[in-house]
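Student: Next up is a structure, given as structure tokens.
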Amino acid sequence: MIRPRWHKIFSDLLSHKGRSLLIIASIATGLFAIGMITTSYVILAEDIRSGYRAVNPPNIQLFTTFFDRDYLNRIRKIDGVRQAEGVWNTNLQIRNTAGEWEPITVKASDYGRMGAKEMGQPHVLEGIWPPDEKQIALDINRLSDAGAKLGDTVEIKLPSGVIRRMPVVGIVRDQTIGSSRTEGGFFLAGIQGYTNIDTLRWLGQPEGYNTLYVRVETEDQENKPAIRAVADRLIDDFDKNGYPVNGFITHLSSEHPNLPYVDAMAAVIYLLGFLVVFLSGFLITNTFSALLNQQVEQIGVMKTVGGSRGQIVAMYMVLILVFSLIALAVAIPLSNKAAYMLLEYISVHINFQVIELRFVPASSILQTIVALLVPQLAGIIPILQGTRISVREALSGAASNQNETTGFMYRLLAKFRGFSRPILISLRNTFRRRGRLALTLITLMLGGATFIATFNVRNSISSYIDRLGRYFLADVNLTLDRPYRLERVAADVMQVQGVAMVEGWNGAFASVVTEDGKAGETVQVVAPPKDSKLIEPILLRGRWLMPDDRNAITLSELFLESYPEIDVGDTLRLKIGMDESDWEIVGLFQFAGRSSGLFAYVNYDDLARETGMQGKSTSFRIVASDTTLDLAGQKELASRVEAHLSSLNYKIKDVGTGLSLGDKTSQGLSVLTTFLLIMSLLMASVGSIGLAGTMSLNVMERTHEIGVMRAIGGSNRAIITIVLVEGIAIGLISWLLASLVALPISKQLADIMFQIIFDRSADVVFTLSGNFIWLGIVLVLSTLAGSAPAFNASRLTIREVLAYE
Amino acid sequence: MPPERYALPVRYDSNGDPIIRMRGITKTFRSAAGEATVLKGVDVDILPGQFVSVVGRSGSGKSTLVNMITGIDRPTSGSVEIGGQNILHMPESDMAVWRGRHLGIVFQFFQLLPMLTLIENVMLPMDFCNMYPPAMREERALGLLTRVGLDDFAYKLPGAVAGGQQQSAAVARALANDPPILIADEPTGNLDSVTAEQVMEIFEELAALGKTILFVTHDRTLALRTNRRLLISDGELVNETLVAAFPDASHSLLLRLSKGAQPLDLPPGADLPPGSSAHIYLVEAGWLEVGSGPQPVVIAAGDGLDAPAVSGAVRAGDEGAKLLSLPADLVEPLLPAEPVFAEAGRSLRWFRLGRRQG
């Protein structure tokens, strides 16, 4: 026969099913949050690296104008090169389902003929790989912009205006998108297409390569200096053979292009993980305090029949252990599943492949440790307090209500006269269990504060992107397939109705020449006309370009990361094409940090001199006469410009709108804020379970009073209102506190995000939308949290609660 | 605010009908241990303005009986009418509001809400039942607290005043909506004797003002201060005439007598049929005439049968008479040792039919 004391434990567990479920739910919620966060963190950190490594990513990408297969074969013999591939990258246009032309980057290579696994091999989601001649595979990322699906035939417009029809034979995920850092990164990348090298001539392109992919020897693939050494040898070889190097970039094999964003998420996960452990601890403490409070009389009885304090403590610790183990059994699989769902979402938006859903031992171990320790630690104080009271106190019930109606807030509220008595009951009940209230408020407040902060962070990022948009103030950006004379293009474009101004800009890729004469990192040099109205830079140091400057240059803040010693007044040597030239640094400006590569601005004339493009340009920025054009208006203007120039036989490579740039970036970065939102909702759910628990416990403890209210005329509605208003009062207090605490949390989270994405601290731009949305949520949560207890309270009969005979 | 928006205190026009009528009340509790019938077919009528004590041992069923009236509990069978309204068909929520307007309840353990001040506790039933315009409620509550001597403590929390004061406040709360009926379940059970006396005096005042009061108590002396006593024993109501006639008898004996009693209604002038000395008669109502006119009735004394007894023809007076015929062997031990002559003019007398002397 089971010993009576253990029988009591199981009886406690089974006879109060509602309470037991609440306790288990409280612990399980905390464990779930911890498990989900840890599993996400581990898989994210592992898979983004190992998954990336698995696609054979190039360690070196070298951009040139053209090289052929013979030269590629020679490159393969260079020391340190394990694998080399040539790719032809070109920008064309694809017709979307709305009939509009969207830019598409088409990569053509010897897919399937390399005798080895190709570099950056896309993961096939649908259809086949590799595409054959005149076939195309599309990347999933911006597939919706094209509106195409597997089996469709898409129309590709060549710069000549010729339209080619290509069947879509595969939908793929290419994890290397954004790795060149010259395209504005993953989030600015447009639609990506892949075809066989044999298709190039059909697409009006030369049959060869303009990008070299190289993998170094296996042992060096995680060794930056070794990779760089191979890159230097390649650049020397290109130079020697007369191929201009427009730029290059090196990567470790595990360095996914979007690693900074994952690092940002991991930092947030890490921070919130800590918070969640604390919140879960609060939740569990609250629940056990209430449990012990309900058990005071039984403790008194056990003491009268000879139970020692140690024995009683042990009994309750075992009870907690049983609760914890049940919660653990529930939380582990659920958190694993939820983590996988979260990772699926992130992987689509951050462009990596989750290798597989798997059991993460570290996560389960942490959950087990927390399950075994936190509830026991959380329970020990109330258990020790509960078992310390004298038998007399326990049996008289004096202990359970002490200090309930003596606090400052309570006395203050006792002075409130303007409310009806039922509302007064709700308000004063709110402050009866101050310890419980405090823990509930902390839990809900932190969840709410993170939620509100998420909106502030999102707003800050969005504001910053808007601010970055001032580097691109034009309504329409026009890229022509070959240089045209500025005056001619300007005159032609000005004929289009609604065009107010045209500026011809110039641009080129350059390499920093280091002190030892080697080519350094690739710089995207942008050259506005000297009196350009279409740029409003954020200066960090020095000044912006002046019309009279000669070979003056301003550099983006990312230079400081690569060249920390660099400063205004220094001279920077750049290699543009085959020639080197010196530039005087006159200013440093804030740009998009790690989200973009190295950027530099010089005057148009200076760059034109270097590139031999005086008076000509491929890039034009067009301003509308209507200064309030929205995206649709800009698109319409872009169409008119394109139609007009096409009619004049211009070879157009791309026509884009100004606002779409910020739009794309905001959309891309929204994965980070959505992720933050999910995390804050997770915390909010811990908070709301806490509130639901508190309300249930409060009602459980106050059934007697509810019976009295029933006896003196309290209807269902009155009782439900009293309980609901109490929950809502707690929700509103937590909202007020959350609104305050959100201020420092917003700054902290925004700084983490900004530091990683933009390489700078954040200028937090606060918005009240988060506060108001959270207010709505917290009101709903409070109402939901209170409604079950309120409904239960209204169902109590007086006889049950007053326990007559 | 127009006053008609607020409910008015309930007034009964009883026309002599009972304000509380209970018929065949049976209450059976079911538990894992089996069934326990706590009330066994109880019939009770309470007239408006009566101050009734409900007495009985712990577990006898007296609180359960009162719970049937308050609607706190529902009978397994039987009917409860209050003011002519059957209250058993009301849903719980409607019942709560009905209760708040028609009944004032005072509990043994005061049951004031600890988060409200005394005056707020008194105002709460008015809020719940929407009685009296809000602007009047505080004034009315203060008036009620003044009536129970608590005007100086009105704005204190219950925890800050003594138990007796809490119970007085609970009485004030019970009067908040001016209900016609007050139900008090052991209201003095948790008070010292001095405080209990103060609370009892409040009830007596209220009874004098015409409130119908049902007062559950263990305390015999307090019960004697009410004008009607209902004794519940083992779930059954003991005949009230017996309770009044034999105040010292054990509850179980009274129950046995109650069960063994045979009612006998005599029309005016009707002769008592020849009876046996094995019965003792108790006059519940009306007068008897012995011989040629009203005479004191002789109570049997001592060992009984040879003692003075009523002789001659016994007939009902002008108003008729209601008698209870009781088994003499049960009553005998309860009778006084010496013959007692009932005072003329009292309605309660008991006697034995004896042999004619000589």
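The values are calculated or read from the model by the stated rules, or taken from the named source; none is laboratory data. Since this is a predicted model, take the numbers as computed values, not measurements. Every residue, glycine as well, gets a Cβ built from its backbone with ideal geometry; the counts of neighbours run over all protein chains shown.
Student: Return yes when residue B:94 is more than 24 Å from residue B:206 (Cα to Cα) and either without any contact (Cβ under 8 Å) to a residue 12 or more places away in the chain or loosely packed, with under 14 Cβ neighbours inside 10 Å (or both) and no when it is not.
Tutor: yes
Student: Can you pull out every residue in the range B:102-118 that is facing chain A (nearest Cβ under 7 Å) and touching a strand residue (DSSP E or B) at 6+ places or on another chain (Cβ under 8 Å)?
Tutor: Once the filter is applied, which keeps residues that are facing chain A (nearest Cβ under 7 Å) and touching a strand residue (DSSP E or B) at 6+ places or on another chain (Cβ under 8 Å), the range B:102-118 yields only B:105.
Student: Here's a follow-up. Looking at residue A:609, is it outside the structural domain of residue A:89 (by TED's automatic domain parsing), of a type in the set (Lys, Arg) and modelled with pLDDT of 90 or more?
Tutor: For residue A:609, the condition - outside the structural domain of residue A:89 (by TED's automatic domain parsing), of a type in the set (Lys, Arg) and modelled with pLDDT of 90 or more - is not met.
Student: Here is a follow-up. Can you report the number of residues in the range A:249-298 which are assigned to a helix (DSSP H, G or I) and farther than 30 Å from residue A:700 by Cα?
Tutor: 16
Student: Is it the case, given these coordinates, that residue A:17 is closer than 23 Å to residue A:210 by Cα, basic (Lys, Arg) and over 37 Å from the mean Cα position of the chain (by Cα)?
Tutor: No, not satisfied.
Student: Kindly establish whether residue A:86 is outside the structural domain of residue A:266 (by TED's automatic domain parsing) and within 23 Å of residue A:221 (Cα to Cα).
Tutor: Yes: the conditions hold for residue A:86.
Student: OK, next. Can you find a residue in the range B:75-95 that is under 25 Å from the mean Cα position of the chain (by Cα) and facing chain A (nearest Cβ under 9 Å)?
Tutor: Yes, the range B:75-95 contains at least one residue that is under 25 Å from the mean Cα position of the chain (by Cα) and facing chain A (nearest Cβ under 9 Å).
Student: Next question, about the same structure. State which residue pairs qualify: first residue part of a loop (DSSP other than H, G, I, E, B) and inside the range A:216-229, second residue surrounded by fewer than 13 Cβ atoms within 10 Å (Cβ to Cβ) and of a type in the set (Asp, Glu) in any location, beta carbons under 6 Å apart, and separation of 6 or more residues or different chains.
Tutor: none
Student: Just wondering, is there one or more residues in the range A:686-705 that are more than 23 Å from residue A:23 (Cα to Cα) and within 14 Å of chain B (Cβ to nearest Cβ)?
Tutor: Taking every residue of the range A:686-705 in turn, at least one turns out to be more than 23 Å from residue A:23 (Cα to Cα) and within 14 Å of chain B (Cβ to nearest Cβ).
Student: Just to be sure, is residue B:187 outside any helix (DSSP H, G or I) and more than 10 Å from chain A (Cβ to nearest Cβ)?
Tutor: yes
Student: Looking at (1) away from every other protein chain (no Cβ under 14 Å); (2) at pLDDT below 80, can you tell me which one residue A:677 breaks?
Tutor: (2)
Student: If a residue has to be surrounded by 15 or more Cβ atoms within 10 Å (Cβ to Cβ) and modelled with pLDDT of 85 or more to count, how many in the range B:9-28 make the cut?
Tutor: Residues that pass the stated criteria total 9.
Every residue, every condition in (1) small (Gly, Ala, Ser); (2) outside the structural domain of residue B:180 (by TED's automatic domain parsing); (3) over 21 Å from residue B:27 (Cβ atoms), yes or no:
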position: B:227; (1), (2), (3): no, no, yes
position: B:280; (1), (2), (3): no, yes, yes
position: B:283; (1), (2), (3): no, yes, yes
position: B:286; (1), (2), (3): yes, yes, yes
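Student: Check A:48, A:9 and return the single one that is in a helix (DSSP H, G or I), over 41 Å from the mean Cα position of the chain (by Cα), assigned by TED's automatic domain parsing to the domain that holds residue A:324 and of a type in the set (A, V, I, L, M).
Tutor: A:9
Student: For the subset of the range A:706-724 comprising residues that are within 13 Å of chain B (Cβ to nearest Cβ) and of a type in the set (Val, Ile, Thr), which member is farthest from residue A:33 (Cα to Cα)?
Tutor: Checking each candidate, the answer is A:712.
Student: Looking at (1) at the interface with chain A (Cβ under 10 Å from one of its Cβ atoms); (2) of a type outside the set (Lys, Arg); (3) over 28 Å from the mean Cα position of the chain (by Cα), which is the only condition residue B:125 fails?
Tutor: (3)
Student: Additional query: Take the range A:424-441 and flag every residue that is within 15 Å of residue A:701 (Cβ to Cβ), part of a helix (DSSP H, G or I) and at the interface with chain B (Cβ under 9 Å from one of its Cβ atoms).
Tutor: Across the range A:424-441, the qualifying residues are A:425, A:428, A:429.
Student: Can you name the number of the only condition in (1) surrounded by 21 or more Cβ atoms within 10 Å (Cβ to Cβ); (2) over 13 Å from residue A:134 (Cα atoms) that residue A:194 fails?
Tutor: With (1) surrounded by 21 or more Cβ atoms within 10 Å (Cβ to Cβ); (2) over 13 Å from residue A:134 (Cα atoms) applied to residue A:194, the lone miss is (2).
Student: Looking only at the range B:182-198, count every residue that is aliphatic (A, V, I, L, M) and surrounded by fewer than 24 Cβ atoms within 10 Å (Cβ to Cβ) and tell me the total.
Tutor: Total meeting the criteria: 4.
Student: Keeping to the range B:157-172, report how many residues are small (Gly, Ala, Ser), within 12 Å of chain A (Cβ to nearest Cβ) and either assigned to a loop (DSSP other than H, G, I, E, B) or farther than 21 Å from residue B:182 by Cβ (or both).
Tutor: Summing the residues that are small (Gly, Ala, Ser), within 12 Å of chain A (Cβ to nearest Cβ) and either assigned to a loop (DSSP other than H, G, I, E, B) or farther than 21 Å from residue B:182 by Cβ (or both) in the range B:157-172 gives 2.
Student: Can you confirm whether residue A:707 is within 30 Å of residue B:97 (Cβ to Cβ), in contact (Cβ under 8 Å) with a residue 24 or more places away in the chain and outside the structural domain of residue A:20 (by TED's automatic domain parsing)?
Tutor: Yes.
Student: With the requirement that a residue be under 18 Å from the mean Cα position of the chain (by Cα) and of a type in the set (S, T, N, Q), what does the range B:29-74 give you?
Tutor: B:50, B:53, B:58, B:60, B:63, B:64, B:67, B:70
Yes/no matrix, rows are residues, columns are (1) away from chain A (no Cβ under 14 Å); (2) closer than 17 Å to residue A:712 by Cβ; (3) touching a Lys or Arg at 6+ places or on another chain (Cβ under 6 Å); (4) in a helix (DSSP H, G or I):
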residue: B:142; (1), (2), (3), (4): no, no, no, yes
residue: B:149; (1), (2), (3), (4): yes, no, no, no
residue: B:155; (1), (2), (3), (4): no, no, no, no
residue: B:179; (1), (2), (3), (4): no, yes, no, no
residue: B:183; (1), (2), (3), (4): no, yes, no, no
residue: B:194; (1), (2), (3), (4): yes, no, no, yes
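Student: For the range B:132-139, check the following and say yes or no: at least one residue is away from chain A (no Cβ under 12 Å), modelled with pLDDT of 90 or more and either under 15 Å from residue B:215 (Cβ atoms) or part of a helix (DSSP H, G or I) (or both).
Tutor: yes
Student: Starting from the range B:114-137, keep only residues that are touching a residue at least 12 places away in the same chain (Cβ under 8 Å) and at positive phi, then list their pairs with residues that are of a type in the set (Phe, Trp, Tyr) and not in a helix (DSSP H, G or I) whose Cβ atoms are within a distance under 8 Å, requiring at least 6 positions of separation or different chains.
Tutor: Close Cβ pairs satisfying both conditions: B:130/B:6; B:132/B:6.
Each row is one residue, and each column tells you yes or no for (1) more than 30 Å from residue A:221 (Cβ to Cβ); (2) surrounded by 18 or more Cβ atoms within 10 Å (Cβ to Cβ).
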| site | (1), (2) |
| --- | --- |
| A:38 | no, yes |
| A:61 | no, yes |
| A:68 | no, no |
| A:82 | no, no |
| A:138 | no, yes |
| A:148 | yes, yes |
